[in-house]
Each structure stands twice: as structure tokens, then as C-alpha cells.
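The values are calculated or read from the model by the stated rules, or taken from the named source; none is laboratory data. Owing to the predicted nature of the structure, the values given are computational and were not obtained by experimental measurement. Heads up, the Cβs are rebuilt from the backbone with ideal geometry, glycines too, and the neighbour counts pull from every protein chain shown. Ligands, DNA and RNA are excluded from the accessible area calculation, which covers all protein heavy atoms including side chains. Shrake-Rupley method; radii C 1.70, N 1.55, O 1.52, S 1.80 Å.
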Amino acid sequence: MAFTIACAQFAPRKAEVEANLDRIAEIALQAQSEQVDLLLLPETSTSGYFLEGGVLESSLTGAQLVEGLWQRLGNSMTRPLDVADA
């Protein structure tokens, strides 16, 4: 049995959650086209690094993250893809 893992390195935009979710969705679609089973993203990939005072404004619950990605990907995903941040 083969299992494919991909590590996606990108620079999240600081405090630009919507733009970062757009980028994550693009990466997920690329991973799907390459038959990836597990996609690893950089830590703080939704909020960017070194937020200091803006942490609460840029944070998401798990449900909000799933909803944001679902809105972007909807029926575009044709196979399962597990995603985690490192």
C-alpha cells in the first residue's frame, strides 16, 4: 500500500486569514491532483507568524476553519485529503 505525504511551504500573510485560506485551498487542490494522502502545512498557516497583539482577531475555531475551507473547495475535492499543520 502506498501513502503519499506532501509538505507545503508557503509564507502566510500576517493577520490575513481569508487570503491564507485561499492559498491553503489552492495548495489542497494541487495536492489532490498529485494524489497526496496527507498534506502538511506550516504552523500558523491561517494567521501568519508573529501576531503579537492581534491573536484573537486572527484566530479560528476548528469549525470555522472547516467551514472556510469547505466554502472554497466545496465539491472540488474528488478524493479524501487529510491536512495538518506542523
*Going from the alpha-carbon gyration tensor of the chain, what semi-axes, largest first and in whole Å, does one get by taking the root of 5 times each eigenvalue?*
24, 14, 10
*With the full set of protein chains in place, find how many percent of the accessible area of the chain is carbon and sulfur; take the probe as 1.4 Å.*
55
*the chain - percent relative contact order, Cα under 8 Å, separation 6 or more*: 41
*What is the sum of charges around A6, taking Lys and Arg as +1, Asp and Glu as -1, for the other residues whose C-beta is under 15 Å from the C-beta of A6?*
-3
*asked:* Going by average Cβ density within 10 Å per residue, which order do the peptides 72-82, 39-49 take, highest to lowest?
replied: 39-49, 72-82
*Using a cut-off of under 18 Å, list every residue of the stretch 4-18 whose amide N is near the label point 7 Å from the Cα of S76 along the Cα-to-beta-carbon line.*
8-13, 17-18
